[in-house]
Amino acid sequence: MKGLILAAGIGKRLRPLTNSLPKALIPVAGRPMIEYSLRGFGRAKIGQVGVVVSPGEYKTITERLGDGRQWNTKLTYIEQEKPLGTGDAVGKAQGFIGGDNFLLAYCDQVSFYDFTNLIKSHLKFRPLATLLINIEENPQTTGQVVWEGDLIKKIVEKPKDKISDYGVSGLLIIEPDIFKAIPHIKPSTEGEYHIGDALQYFIDRKFEVRYQKIDTWRVNVNSVEDIKKAEALILNSQSQKES
């Protein structure tokens, strides 16, 4: 299994912070937000991790993260020329992924979640994908999911109207078959291609997509308020460990 982190987003909602620093490197509790995913990959012993970056931020990010050895990983950097969404970003990584399945993380998901829990669930059933989901208050921040039993039946990316209490947490495991669906998905009204739509393409064709509910806190960092929320949770978690 390989790892893949999507770090080419513009970070509009984090301006002015992202005017001078890539979103992935914005500090949360003293660490670049992307480091929380990198540490998760290292603990899960996923040795090869691809990082999708924009050309304009390539030098800054590669100089900051290096080759990944400090997290017991080997980093490969992949350029996404234009910010065309998560589906396009995953498609750009096809050469790196090859025929392997992969654990996909969004660079702005900050959590102490143990990646091995999701890996064990996926390898037990081997569906097309296994999504980590969480309660999501704002439906326009992520893909929302509807399920029946153990299977996801519907994924809607950033819907205007709420369809579920749960959304994709920014961590999912996908089989390499997903690359067959990416050419078939259509862009959103914003001109972006979403990985959720590629998964829905296969769900509509009776492929299994499973889910696991997160068993700890997680913050999708898209604003200064989100940073403060994540830092408070991190501080609380550290205090509990020390007590």
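The values are calculated or read from the model by the stated rules, or taken from the named source; none is laboratory data. Here the structure is a predicted model, which means the values were calculated and not measured. FYI the Cβ positions are ideal-geometry reconstructions off the backbone, even for glycines, and counts take in every protein chain you see.
General observations
- Scan of the range 54-73 for residues that are buried (at least 18 other Cβ atoms within 10 Å of the Cβ) and of a type in the set (Asp, Glu), ordered by number: 57
- Per this entry, residue 62 is not counted among residues that are at pLDDT below 95 and in a helix (DSSP H, G or I).
- Only one entry of 103, 132 meets the criterion of being in contact with a Ser or Thr (Cβ under 9 Å, 6 or more places away or on another chain), touching a residue at least 24 places away in the same chain (Cβ under 8 Å), closer than 18 Å to residue 46 by Cα and among the hydrophobic types (A, V, I, L, M, F, W, C), and that entry is 132.
- Residues of the range 74-115 classified as modelled with pLDDT of 95 or more, of a type in the set (Val, Ile, Thr) and either surrounded by 21 or more Cβ atoms within 10 Å (Cβ to Cβ) or under 15 Å from the mean Cα position of the chain (by Cα) (or both), total: 3
- When 173, 185, 234 are screened for being in contact with a Gly (Cβ under 7 Å, 6 or more places away or on another chain) and of a type outside the set (S, T, N, Q), only 185 passes.
Yes or no, residue by residue, for (1) in contact with a helix residue (DSSP H, G or I) (Cβ under 6 Å, 6 or more places away or on another chain); (2) more than 24 Å from residue 177 (Cβ to Cβ); (3) in contact (Cβ under 8 Å) with a residue 40 or more places away in the chain:
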position	(1), (2), (3)
38	yes, yes, no
42	yes, yes, no
53	yes, yes, yes
56	no, yes, no
77	yes, yes, no
80	yes, no, yes
86	yes, no, yes
93	no, no, yes
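- Selected residue [buried (at least 20 other Cβ atoms within 10 Å of the Cβ) and either assigned to a strand (DSSP E or B) or in contact with a Pro (Cβ under 9 Å, 6 or more places away or on another chain) (or both)] from 40, 9: 9
- Residue that is farther than 21 Å from residue 22 by Cα, exposed (fewer than 13 other Cβ atoms within 10 Å of the Cβ), hydrophobic (A, V, I, L, M, F, W, C) and modelled with pLDDT of 95 or more, where the choices are 123, 118, 132: 123
- Of all the numbered requirements in (1) of a type in the set (A, V, I, L, M, F, W, C); (2) over 18 Å from residue 97 (Cβ atoms); (3) surrounded by 20 or more Cβ atoms within 10 Å (Cβ to Cβ); (4) modelled with pLDDT of 95 or more, residue 168 misses one, and that requirement is (4).
- Candidate set from the range 176-202 (those that are β-branched (Val, Ile, Thr) and touching a residue at least 60 places away in the same chain (Cβ under 8 Å)); member that is surrounded by the fewest Cβ atoms within 10 Å (Cβ to Cβ): 182
- Filter result (out of contact with any Ser or Thr (no Cβ under 9 Å at 6 or more places or on another chain), surrounded by fewer than 13 Cβ atoms within 10 Å (Cβ to Cβ) and outside any loop (DSSP other than H, G, I, E, B)) within the range 12-21: 19
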